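Take a look at the structure set out below.
The values are calculated or read from the model by the stated rules, or taken from the named source; none is laboratory data. Bear in mind that the values here come from a model prediction, so they are computed numbers and not experimental data. So basically every Cβ, Gly included, is an ideal-geometry build from the backbone, and we count neighbours across all protein chains shown.
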2 protein chains.
Amino acid sequence: MTVENFSTKSRLADTGEGITGDELQLAARNHGIPLEALRYDVTPPGLHYVLVHYDIPAANAATWQLEISGCVEQPLSFGLTALRAMGRETVRVTLECAGNGRAALNPRPISQPWLAEAVGTAEWTGVPLPDLLRAAGVREDAIDVVFTGADHGFERGVEQDYQRGLTVREALDSGAIVAWEMNGHPLPPQHGYPLRLVVPGWYGMASVKWLRSIEVIDHEFTGYQNAVAYRFRQEPHEPGVAVTRIEPRALLIPPGHPDFMSRHRFVAAGPVVLSGRAWSGWAPIERVEVSVDAGVSWSDAKLDAPSNDLSWRLFTYDWDARPGEHVLTVRAYDESGHVQPIEAPWNRGGFANNSAQRITVLVT
Amino acid sequence: MTVENFSTKSRLADTGEGITGDELQLAARNHGIPLEALRYDVTPPGLHYVLVHYDIPAANAATWQLEISGCVEQPLSFGLTALRAMGRETVRVTLECAGNGRAALNPRPISQPWLAEAVGTAEWTGVPLPDLLRAAGVREDAIDVVFTGADHGFERGVEQDYQRGLTVREALDSGAIVAWEMNGHPLPPQHGYPLRLVVPGWYGMASVKWLRSIEVIDHEFTGYQNAVAYRFRQEPHEPGVAVTRIEPRALLIPPGHPDFMSRHRFVAAGPVVLSGRAWSGWAPIERVEVSVDAGVSWSDAKLDAPSNDLSWRLFTYDWDARPGEHVLTVRAYDESGHVQPIEAPWNRGGFANNSAQRITVLVT
């Protein structure tokens, strides 16, 4: 018995293969947002999606240290108290898992089996990352910035601390913060207690939790999570294209009442206000379309006031629900021209599958 | 298209049938405790298991009313402020879903597909249920007490508010409280905000969330969740036996570091302190056994100080980990003679499957 038997390569599900025991273990640990919780502007912890690669580390805020090192004029080390003295900013951020939608792909990449619910919006409070980098003094030979978390494990045979890199420009220009509060309270353990990175607009893999080190390096970062895991690929041995910002997506709050097992919806005939949230990591949302006939015809939803950030935007749509079965579907457009597709293209990692949500309702 | 097509009967998985899309939808909404979070004496919200039958209701604490009615001398209605004036008690309670372990059964009942992680321990603060019943004055003809939540939906074709009944004796003697705080904070939405019942020792289905009514009735309650859903049965048309108190179970915190996909564990050779939690709804835990050879031989774990309640008990075991593959397993015994089996008997609803946990580790 070797490491390779215990930590195997990724694979695609066979035709008709149900969700596996491995996928179920991940689905039981990690969780999405129950779609009715899209009603909250800011998602309470416990409803915000969570994806933990390895184990949630045991952490002690009193002794936690964040090291800043590498290609800097002055390496620095901060405890939580010293870090709080560096500045304080609160940003509202919609985070989504890069694997959201994976389990709906065909063939299905075997990994965390998200359907469409791996999203949440929180207010993160911390110090802007550029302030920390400027305090340390980024040297001219700097290329990338590497963020290391305290979670440790194996993936496809590779032992690692969870690590992600950004270019120096991304680290300075993306609005990233090093956060110690979520929604005005200390971070919950599963969201990175006591300290995490939050990179607005990027899929969640960039927002390293349990952050203990920031290293500036003079070459491109080729760590596992940047160079191997989070890549758009058609074939396993391609270099692939990096997964970065969040593709546009709209999700409806399912109307009416659910069946426990199927989650099918029952709606009373008459006027129904459909509502939901839409977001994109590329630019603010400028338009959401709703279809109540499975995509045959589309109408514009009403949008609430535009926001200055990339957090989700509320939309509503007045529906006159007539008796019978209906399929509701929605799609989002952002200001930079990114459009949510009805069917997103397949990729082998199952990333960024923003195919339009479909909700089946019975109007009675 | 009728209600019956949208809300179908329960069924068993076919031989070799993977987890279905319906099961996955439930697993993505609801979640268990990541097993490493067994390290916390009290489980933070977001790590404590959650099972929501229908949707989390939108709730306003300022206007919330709890009605007490039926076979009482004086029907009462309480807003949150009035309820707080009735008393305040904090109880530490281990809650477990009755369906915990269901997905490991063969054949597998199709429903929320828990493996072994549907558990959590919280400190619930509220007013003792007997104080409320005594304030209303339970009449001599009273038989059962019916608790109704604000969540509404369909199950197997039956439209319903979530409702559960207890006998008057159970309502008075089980230590139940009507709670508005979890771990010192207002209840999170998914745990019943603003008000819920908590019945210590009972599987979670008894602890009705989003509690809005307590009705005392002069006959046996035959509502869906008591008479149809939560019953031990071998065949679908049997009346079955009511699911009530929590069967004993022990869970280890998986040692070492995990593989992302398989959750297999890697452990460094040498002394390892294994630890975990054990609980029973029948009586305090008096013994936990650990096996590091897949159940061939067993040793007693060390238990921490006994508690006065039915909340979980910490155990530890010193293991000298030798290189190679090992299967770790544990079992719990309570003071009333309830013993956790290696393999629990099958039942059609998939309830109370407390078969012993097995963790595969590679010592390197």
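Structural remarks
- Options B:V296, B:V363, B:V273, B:V339; residue that is among the β-branched types (V, I, T) and within 29 Å of A:Q112 (Cα to Cα): B:V363
- Given (1) touching a Gly at 6+ places or on another chain (Cβ under 9 Å); (2) on the phi > 0 side of the Ramachandran plot; (3) loosely packed, with under 14 Cβ neighbours inside 10 Å, number of the condition A:I342 does not satisfy: (2)
- Failed criterion for A:T125 (all others in (1) of a type in the set (S, T, Y); (2) closer than 23 Å to A:A227 by Cβ; (3) in contact (Cβ under 8 Å) with a residue 40 or more places away in the chain hold): (2)
- Total residues in the stretch A:139-153, condition part of a strand (DSSP E or B), of a type in the set (D, E, K, R) and more than 14 Å from chain B (Cβ to nearest Cβ): 1
- Checking B:V296, B:V288, B:V361, B:V339 one by one, the residue that is of a type in the set (V, I, T) and either at pLDDT below 95 or out of contact with any Lys or Arg (no Cβ under 8 Å at 6 or more places or on another chain) (or both) is B:V296 and no other.
- Verdict on B:R156 being under 26 Å from B:L115 (Cα atoms) and either among the hydrophobic types (A, V, I, L, M, F, W, C) or surrounded by fewer than 21 Cβ atoms within 10 Å (Cβ to Cβ) (or both): yes
- Counted residues, the stretch B:253-279 - those being more than 30 Å from A:A229 (Cα to Cα) and surrounded by 23 or more Cβ atoms within 10 Å (Cβ to Cβ): 4
- Of the helices (runs of 4 or more DSSP H) that lie entirely inside the stretch A:1-109, those containing 2 or more residues that are more than 9 Å from every other protein chain (Cβ to nearest Cβ) span A:80-84.
- B:Y230 vs. criteria touching a helix residue (DSSP H, G or I) at 6+ places or on another chain (Cβ under 8 Å) and within 14 Å of chain A (Cβ to nearest Cβ): yes
- Considering the stretch B:55-75, and only residues there that are of a type in the set (V, I, T) and surrounded by 13 or more Cβ atoms within 10 Å (Cβ to Cβ), the residue that is farthest from A:I253 (Cα to Cα) turns out to be B:V72.
Yes/no matrix, rows are residues, columns are (1) at pLDDT below 95; (2) under 19 Å from A:A37 (Cβ atoms):
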| position | (1), (2) |
| --- | --- |
| B:T2 | yes, no |
| B:S10 | yes, no |
| B:T15 | yes, no |
| B:D22 | no, no |
| B:L26 | no, yes |
| B:Y40 | no, no |
| B:T43 | no, no |
| B:V50 | no, yes |
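- Selected residue (only one of B:V146, B:V138, B:V72 is touching an Asp or Glu at 6+ places or on another chain (Cβ under 7 Å), at pLDDT 95 or above and not hydroxyl-bearing (S, T, Y)): B:V146
- Test: residue in the stretch A:231-241 that is basic (K, R) and not assigned by TED's automatic domain parsing to the domain that holds A:T121: no
- For the stretch A:333-353, the set of residues classified as hydrophobic (A, V, I, L, M, F, W, C) and either within 14 Å of another protein chain (Cβ to nearest Cβ) or under 21 Å from A:M205 (Cβ atoms) (or both) consists of A:A344, A:W346, A:F351, A:A352, listed by residue number.
- Condition met for A:P258 (in a strand (DSSP E or B) and free of Cβ contacts under 8 Å to residues at least 24 places away in the same chain): yes
- Cross-chain or 6+ apart pairs with Cβ under 7 Å, the stretch B:24-42 first and assigned by TED's automatic domain parsing to the domain that holds B:I110, then in a helix (DSSP H, G or I) and surrounded by fewer than 23 Cβ atoms within 10 Å (Cβ to Cβ): B:A27/A:L24
- Single match in B:S307, B:S355, B:S311, B:S299 (criterion: small (G, A, S), free of Cβ contacts under 8 Å to residues at least 24 places away in the same chain and either assigned by TED's automatic domain parsing to the domain that holds B:P255 or buried (at least 16 other Cβ atoms within 10 Å of the Cβ) (or both)): B:S299
- Residues located in the stretch A:110-138, provided they are in contact with a Gly (Cβ under 8 Å, 6 or more places away or on another chain) and either within 11 Å of chain B (Cβ to nearest Cβ) or of a type in the set (A, V, I, L, M, F, W, C) (or both): A:S111, A:Q112, A:W114, A:L115, A:A116, A:E117, A:A118, A:V119, A:V127
- Put simply, of A:G256, A:G240, A:G270 the only residue that is at positive phi and within 14 Å of another protein chain (Cβ to nearest Cβ) is A:G256.
- Extreme residue, nearest to the chain's Cα centre (by Cα), among residues of the stretch A:171-195 that are of a type in the set (S, T, N, Q) and over 24 Å from A:W282 (Cβ atoms): A:Q190
- From A:R134, A:R92, A:R164, A:R139, residue being farther than 30 Å from B:G21 by Cα and without any contact (Cβ under 8 Å) to a residue 40 or more places away in the chain: A:R134
- Any hit, the stretch A:83-94, residues being of a type in the set (A, V, I, L, M) and out of contact with any Leu (no Cβ under 9 Å at 6 or more places or on another chain): yes
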